1. Mind ranking 438-446, 231-239 by how tightly packed they are, going by the mean number of other C-beta atoms within 10 angstrom, highest first?
2. Heavy atoms of the protein only, probe of 1.4 Å, neighbouring chains included. What is the accessible area of HIS547 in Å², nearest 10?
3. Using each residue's phi in the stretch 509-514, evaluate 6.51 cos²θ - 1.76 cosθ + 1.60 at θ = phi - 60° and report the 3J(HN,Hα) Karplus result to the nearest Hz, with x for Gly and Pro.
4. In debye, nearest 20: dipole of the stretch 519-622 around its Cα centre with unit charges on the Cβ of K, R (+) and D, E (-)?
5. Let me cross-check CYS56: its accessible surface, 1.4 Å probe, with only protein heavy atoms counted, in Å² to the nearest 10?
6. Could you order ARG521, ARG388 so the one with the most accessible surface comes first? Probe is 1.4 Å.
7. Let me cross-check LYS320: its accessible surface, 1.4 Å probe, with only protein heavy atoms counted, in Å² to the nearest 10?
8. Quickly work out the ALA396-to-ARG64 label distance, labels modelled 7 Å from Cα along the C-beta direction, and quote it in nm with one decimal.
Amino acid sequence: MNFNTNKKGQWGEILRFGIVGVSAVTIQYLVYLLLVHLAGWGASLSNTVAYIVSFCFNFIASTRYTFRVKASTGRGIGFALCHLFNYLLQLLILNVAISLGMGKSWAPIPMFLISVPTNFILVRYTLKQAHLQNPFFIFRVKKEERWLALCAMVYTLFFNTLVVLKYWDRLHLLAKHYFKLFVDTFHISGFDPLSDVVISEWGTTYNIYRHPLLAYFMWIPCQLNQGLMWLTHKNCATIIMAAILVFCTFYSIIFLYRILREVLRLKQADSLLLTALFMSFSFVMVATSVPDHFCLSMFMLILTLYVSGKKLQAKHPFTKWQTILFFLVTAGISLSNGIKIFLANLFVNGKRFWRPANLILAIILPAGVLWGLANWEWDYYEQPHQIRRIKNRKKAAMKERTALFAQVRDTMKINGAPVAPVFTVSTDSAVRHADSLKIMVRVDTLLAQKRRAQKIKDSKKAVVAHAGKPMGKGEFEQWTDISTPRFWSFVENIFGEPVQLHQDHLLEDVLVKRPVIVHYRWAWSYVVEGMIFLLFLCGIWQGRRSHFLWLTLSFFGFDLVIHVVLGFGLNEVYIMSAHWLMAYPIAIGYLLLHRPQRWLRYVLAALALYLIIYNGWLYVSYLIG
């Protein structure tokens, strides 16, 4: 009897879901037509406003009519994220279908066949889950976190506002070539403003194999910016990206505090102290306020650690769908960090990690799908641009060679007489005409000399001189480095610059003019670095029996392998430190847990206060200078 009742209720939900869905689409289309034909708005802006109106109706109808649950902030966030995921899924399927040769009129059919049932499952799960089970309720700020939340919001708003204001007078302008505008204008350490570029004008600007889905994650912010451009006649990309950074920074701080408080089970005061220490690190300040992907990655990694820690406590597995979801988002932002999601699955699931179902469905399948998508993305978007660039280079080289041939022919004499003006560039003509052959040899000599001179000139530029010697010239080997000194990289760039800024060459780009190795002015700076490193090592020793600590260290260890052993980005490794800086307060937390000494708290408080004043002063001086 209960089985039949549940089955009837599920079919009723499906029917009501269809009614609400059709109604939402109708509302969206009618609002779109009204805005386009009566208000005279543009198509993109009209569709954006219509989608927002439709979304609000959809949420109210889904909670009160389709699934009959009480509307709340948590369910609202979950509902919005479900629709965001569904929108990106539709965009992906639509483009794949079109690229496979399906017509634009028919391409939405497979899109709806996949996205509609997927959206139903996601929305039903989100809205029907109990209060404590709904995963989106972790975004609710708890009562004891309110003062921390206020400090975190002030902290991230302050630095992001300064960064936006520093470049606003130039970057708010509408332009035809946003890549050149942003790259030439924005200069904070080695960070690239590519997210601002993509939000200004959507495209696969990121390196596709390193950031396979990041451009798609920025599609909706880009559409929002297009609407704001139409309304304000200003490019609001920097403000939109700052809002994304504020969200990621805010919850990175909240989730780190919860790791210390709930997973390590430290006292509230100790958790706040270590969170403050984390916030005082120089490249937490910087990475959370620049329009690069590192803050987004930091948020996902800290969230992964928090979820993994809670699962280890409760002895719950990292489920397949959770692993897939975390992997696609984290690896979509930065591919190498996807390995850390698999490490989380390994540490949490233990021997269950090696079960065929888990290996195939949660590890191999999503990795293969993402790699296939990256290859498709490269073939569809990047390869045509690369072919065009190669053709343009060949055309420019031929033009240069032709001009030089004519110049040499007009000035060169053979056997005391001017060369006859008979010329074509083909090799056959050069062979048939002895004079032209001699001119061709001269041209080749001049071009070789020019190439050698250009190579010598380029070798003196920082972008070449500081790049380091790679292991090879392959797609991934070209990113390695076997020549940058490892010891001083550890001292100055791995444990130094990410924690406290160097005063000399402050936030300069190593690929422009900053030396690869910069030393501190004062011995005191090395003392501070040594103290934090020693506390970090002591924390590892005290927590050596903790599975969660070794999970955290496996994240850090993976970064050390790719940066130190392989040398990936070693010449500017500090800009990637947001991927591992959370390991410091977590490890030191185990020291406080096992050795809760008053003097230790005083030392940590003094370090946090010194670093937030020292780094804050230098960073603010740079931004307002």
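1. Working: 438-446: 16.1, 231-239: 18.6.
By packing density, highest mean first, the sequence is 231-239, 438-446.
2. 120
3. Here the 3J(HN,Hα) series is 8, 5, 8, 10, 8, 6 Hz.
4. Working: 6 positive and 3 negative charges, 96 e Å.
Magnitude of the dipole: close to 460 debye.
5. Accessible area of CYS56: about 70 Å².
6. Numbers: ARG521 140, ARG388 120 Å².
Result, largest first: ARG521, ARG388.
7. 80
8. Taking the two extended label points, one gets 6.2 nm.
The values are calculated or read from the model by the stated rules, or taken from the named source; none is laboratory data. Everything quoted here is computed from the prediction, not taken from an experiment. All Cβ positions, even for glycine, are placed from backbone atoms using ideal geometry, and neighbour counts span all protein chains on display. Note: areas computed on protein heavy atoms with side chains; ligands, DNA, RNA excluded. Shrake-Rupley method; radii C 1.70, N 1.55, O 1.52, S 1.80 Å.
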